[in-house]
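The values are calculated or read from the model by the stated rules, or taken from the named source; none is laboratory data. Everything quoted here is computed from the prediction, not taken from an experiment. Counting neighbours? That spans all protein chains shown, and the Cβs are built from the backbone with ideal geometry, glycine included. For accessibility, only protein heavy atoms count, side chains too; no ligands or nucleic acids. Shrake-Rupley method; radii C 1.70, N 1.55, O 1.52, S 1.80 Å.
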Amino acid sequence: MDTTNRLGEAPIRSLFFQFYTPALISMLSSTVHQVINGIVLGPQVGKEGLAAVGLFGPVVVVLVAFALPIMIGGGVLIGKSLGAGDYEKVQQVFQFATTLVLVIGGSIAVTVPLSAGVLARFLAGADHAVLVDYTSDYAFWQLVSLPLFFLNMVWGNFVRADNAPKAARNASVLAAAVNIMLDLFLVVWLGLGVEGASIATALAFLSGSAYLFVYILKGKTHYRFSSFRFTLRLSQWRELTKTGMPSFASEIAFSSGLLLINQRLTRYGAVPIAAFGLINYASFILIRPFTAAMIASLPVISYNIGAGRPDRVLAMLRFSLTFTFVLGGFMALLGVLLPGYLVSLFSEHKSDTYRQVLSQGFGLYFLLFLAAGPNYILGAYLQSTGKTTLSILINLMKGFLLVVAGLAILPDLAGLPGVWLSRSLAEILTLLLIGLYMLYHKRKFFGERAIRPV
């Protein structure tokens, strides 16, 4: 029996966790690369090495934003095609997406000899020669390996859509393990410093994409390399791009919102800025279970849209919303009731002022978890059912528009706590406004006619 048939037959709860656990492991593994490099570089190179990794972080966010529409849009399109039994279309999307990310990644990679130094001076400032050199070394190999990074993203999501979440997990875990071993060898043993850490991450991407290549080559999916051809032609390219655009909007809006919060915090001195860096780092890790829930629900929702099973689509929507509500409540309570525990977990700083600011920040900023998960799920549902405009609006509201409004009003009313609350209230108000609107027009969004292949 075709293993993808389980997406249309197995109990919703078991299907969710079948995808959720591997997705969560993959998400956490993907963050390990930066964390590993930071841990190893700190003792070996010092704060400049750590700064080089951190400075390149926003560049990674921008690069991911360009690949996400292909990854998410292609995954949704593949899920629907699998549900409809249109395997020829599945292969066409696979070929198009693979070609496109290789063209985009390759175009950036070939410019690296000219662009790495320019980018490093922009990020680090031309006056900081040592930091510029370290950032240039790190950026060089990260950009050279960009096609492999994109293949890991896209192929991992595609095999997950083809009911193989464990394969995507294994590729991520293998890449993280390779990164650890090569960091120890290149940075600690050979003393290659920041350049060694970047090479280690590049080779980790190679190992992950090689694993996925072999998995697909063995014929365990509906994708075929035997009949593969590079192509930038796809009759459904508009649908793929349209479906993936909310993911692009999400990354750009989120990054812009964080920059605005950081800028507003400069009025309150160095301590809140340092606290925000740590709070943002902690929330970046703790948001992963919610992102994994979205990833877990998408293959099931997309497949059953294609198969004409709106009952199963709504069942997955209800279960994933309930799951993220409960998990979000726990995370929010952790920040409100136990901020001291979070301070001890993520910081060894002994300053009483710093710890007080950090505790307040954790308590107020972590309220965003009350709505973050449901917003992810609703956005993914709207993407899958072709309601792209509203999905984009969700991402713009929670990541940027309501953050701007909050920063314009709340700090004047409440001072520093108002800054912490701006992001949280943006998430909560987005969920309330969009949720109530969708319930008011429930036939348009949840009716049988609304859940159909688009």
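Brief remarks follow.
Here is a yes/no grid of residues against (1) open to solvent by 30 Å² or more (accessible area, probe 1.4 Å); (2) among the β-branched types (Val, Ile, Thr); (3) in contact with a Leu (Cβ under 6 Å, 6 or more places away or on another chain); (4) not in a helix (DSSP H, G or I):
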site	(1), (2), (3), (4)
266	yes, yes, no, no
272	no, no, yes, no
279	no, yes, no, no
283	no, no, no, no
290	no, no, no, no
295	no, yes, no, no
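- The set of residues from the range 430-452 being open to solvent by less than 80 Å² (accessible area, probe 1.4 Å) and farther than 20 Å from residue 280 by Cβ comprises 431, 434, 435, 438, 441, 445, 446, 447, 450, 451.
- The residue list 229, 224, 264 contains one member that is more than 30 Å from residue 89 (Cβ to Cβ), touching a helix residue (DSSP H, G or I) at 6+ places or on another chain (Cβ under 7 Å), of a type outside the set (A, V, I, L, M) and at pLDDT 80 or above, which is 264.
- Residue selected from the range 211-226 under the condition open to solvent by 70 Å² or more (accessible area, probe 1.4 Å) and part of a loop (DSSP other than H, G, I, E, B), by the criterion nearest to residue 71 (Cα to Cα): 224
- For the range 183-192, a residue qualifies if it is surrounded by fewer than 22 Cβ atoms within 10 Å (Cβ to Cβ) and touching a helix residue (DSSP H, G or I) at 6+ places or on another chain (Cβ under 6 Å), and the qualifying residues are 186, 192.
- Residues of the range 87-110 classified as open to solvent by less than 60 Å² (accessible area, probe 1.4 Å) and in contact with a helix residue (DSSP H, G or I) (Cβ under 8 Å, 6 or more places away or on another chain), total: 15
- Set 302, 255: member being of a type in the set (Gly, Ala, Ser), in a helix (DSSP H, G or I) and surrounded by 22 or more Cβ atoms within 10 Å (Cβ to Cβ): 302
- Condition broken by residue 320, with the remaining ones in (1) modelled with pLDDT of 95 or more; (2) surrounded by fewer than 24 Cβ atoms within 10 Å (Cβ to Cβ); (3) not basic (Lys, Arg) satisfied: (2)
- Among the candidates 393, 407, the residue that is more than 24 Å from the chain's Cα centre (by Cα), modelled with pLDDT of 90 or more and not polar (S, T, N, Q) is uniquely 407.
- For the range 220-267, a tally of residues being farther than 23 Å from residue 427 by Cα and of a type in the set (A, V, I, L, M, F, W, C) returns 7.
- A single entry from 426, 372 fulfils the requirement of being under 18 Å from residue 327 (Cα atoms) and touching a helix residue (DSSP H, G or I) at 6+ places or on another chain (Cβ under 6 Å): 372.
- Of the residues making up the range 389-429, just one is more than 30 Å from residue 274 (Cβ to Cβ), open to solvent by less than 10 Å² (accessible area, probe 1.4 Å) and polar (S, T, N, Q), namely 391.
- Of the residues 238, 233, the single one that is outside any loop (DSSP other than H, G, I, E, B), farther than 30 Å from residue 138 by Cα and open to solvent by 10 Å² or more (accessible area, probe 1.4 Å) is 238.
Condition check ((1) over 30 Å from residue 162 (Cβ atoms); (2) not basic (Lys, Arg)) across all residues:
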residue	(1), (2)
254	no, yes
258	yes, yes
264	yes, no
270	yes, yes
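Conditions (1) at pLDDT 85 or above; (2) under 15 Å from the mean Cα position of the chain (by Cα); (3) small (Gly, Ala, Ser), marked per residue:
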residue	(1), (2), (3)
3	no, no, no
7	no, no, no
15	yes, no, no
20	yes, yes, no
26	no, yes, yes
32	no, yes, no
37	no, no, no
43	no, no, no
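- Helices (runs of 4 or more DSSP H) contained entirely in the range 80-189, each with at least 3 residues that are touching a residue at least 12 places away in the same chain (Cβ under 8 Å), farther than 25 Å from residue 25 by Cα and out of contact with any Lys or Arg (no Cβ under 7 Å at 6 or more places or on another chain): 87-109, 112-124, 129-144
- Failed item in (1) within 26 Å of residue 65 (Cβ to Cβ); (2) crowded, with 21+ Cβ neighbours inside 10 Å, with residue 364 passing the rest: (1)
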